[in-house]
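Report on one structure; see the data block that follows.
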Amino acid sequence: MNIVPLLIQLVSGAAGGNVAGALLKKFSLGPIGNSIAGILGGGLGGQLLGALGVGGADAAAGGLDIGGIVSSIAGGGVGGGVLMSIVGLVRQQLGKSA
């Protein structure tokens with residue numbers, strides 16, 4: 001496994017989590033919470049897309065061509081935003097019931 005695509009996914013996941021937190025203020029976990037959820041989601045989302053082969057065979061193999069880099073950024077950013085939104089939604093729902 002190549003570490004560079006994973007690092008790209010983690011960084012773009014943190015950015016995606018913070019962008020989602022800024023857009024969905026109702027579900028925001030704060031800057032640190034958004035970043036942590038985004039990093040986790042970015043790693044998971046990027047690896048999942050790579051395993052599914054989305055973005056081409058080079059991206060799944062961890063290639064450093066432009067397609068692999070864009071796929072890592074997109075997978076990490078989307079995964080980070082989605083996981084941050086899910087965690088924010090669950091946190092909000094738990095807060096209502098307590």
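The values are calculated or read from the model by the stated rules, or taken from the named source; none is laboratory data. Please read all numbers here as calculations on a predicted model, not as lab measurements. Cβ placement follows ideal geometry from the backbone for every residue including glycine, while neighbour counts extend to all protein chains displayed.
If the condition is being hydrophobic (A, V, I, L, M, F, W, C) and buried (at least 24 other Cβ atoms within 10 Å of the Cβ), then region 70-93 contributes LEU83, MET84. Among the residues of region 22-70, the one identified as charged (D, E, K, R), more than 23 Å from GLY95 (Cβ to Cβ) and at pLDDT 80 or above is ASP65.
For region 36-51, residues that are surrounded by fewer than 20 Cβ atoms within 10 Å (Cβ to Cβ) and not β-branched (Val, Ile, Thr) total 5.
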